[in-house]
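Worksheet for the structure shown next.
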Amino acid sequence: ERNGYFDSKLLSRQHAEIWEDSGKIYIKDVKSANGTFINGERLSPEGVQSEPFELKNDDIVEFGIDIIGEDNKTTIHHKVAARVMCVFTDEDA
């Protein structure tokens, strides 16, 4: 119920964890093959669990990488990406 599911060939079955602690939102990569990126920076090498990273408003989170075809133009598989918006109260919204 609390897990996110993305139908993507680029994401590992267990790719990343996101959680809240004391009013802060954290993410960590859990040994994924294609990586978890925050603002373009990979959290850890392939197959290595990352340290927790505190997410901030307007961070860009990317799961995986775009896979480009042999023509070096066509994207065969797209990464999953989102902009962070932390909402804890009605005023935050």
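Among the residues making up the stretch 40-78, those that are surrounded by 14 or more Cβ atoms within 10 Å (Cβ to Cβ), more than 30 Å from SER22 (Cα to Cα) and touching a strand residue (DSSP E or B) at 6+ places or on another chain (Cβ under 6 Å) are ILE67, HIS77. Does the stretch 39-57 contain at least one residue that is hydrophobic (A, V, I, L, M, F, W, C) and closer than 17 Å to ASP7 by Cα? No; the residues of the stretch 39-57 include none that is hydrophobic (A, V, I, L, M, F, W, C) and closer than 17 Å to ASP7 by Cα. Does the stretch 32-44 contain at least one residue that is at pLDDT below 90 and not small (Gly, Ala, Ser)? Yes, because at least one residue in the stretch 32-44 is at pLDDT below 90 and not small (Gly, Ala, Ser).
Which of the residues that make up the stretch 55-82 are under 10 Å from the mean Cα position of the chain (by Cα), charged (D, E, K, R) and at pLDDT 85 or above?
Result: GLU62, single match.
From the set of residues in the stretch 29-39 that are outside any loop (DSSP other than H, G, I, E, B) and closer than 17 Å to MET85 by Cα, which is least open to solvent (accessible area, probe 1.4 Å)? Among them, the one singled out is ILE38. Contact map, the stretch 48-74: first residue in a loop (DSSP other than H, G, I, E, B), second residue open to solvent by 90 Å² or more (accessible area, probe 1.4 Å), Cβ cut-off under 7 Å, separation 6 or more or different chains; pairs are VAL48/LYS31; ASN57/MET85; ASP58/ARG83; ASP66/HIS78; GLY69/ILE76.
The values are calculated or read from the model by the stated rules, or taken from the named source; none is laboratory data. Computed from a predicted structure; not experimentally measured. Positions of Cβ are generated from backbone atoms using ideal geometry, with glycine treated the same way; all protein chains shown enter the neighbour counts. To get the accessible areas, we keep the full protein, side chains included, count just its heavy atoms, and leave off ligands, DNA and RNA. Shrake-Rupley method; radii C 1.70, N 1.55, O 1.52, S 1.80 Å.
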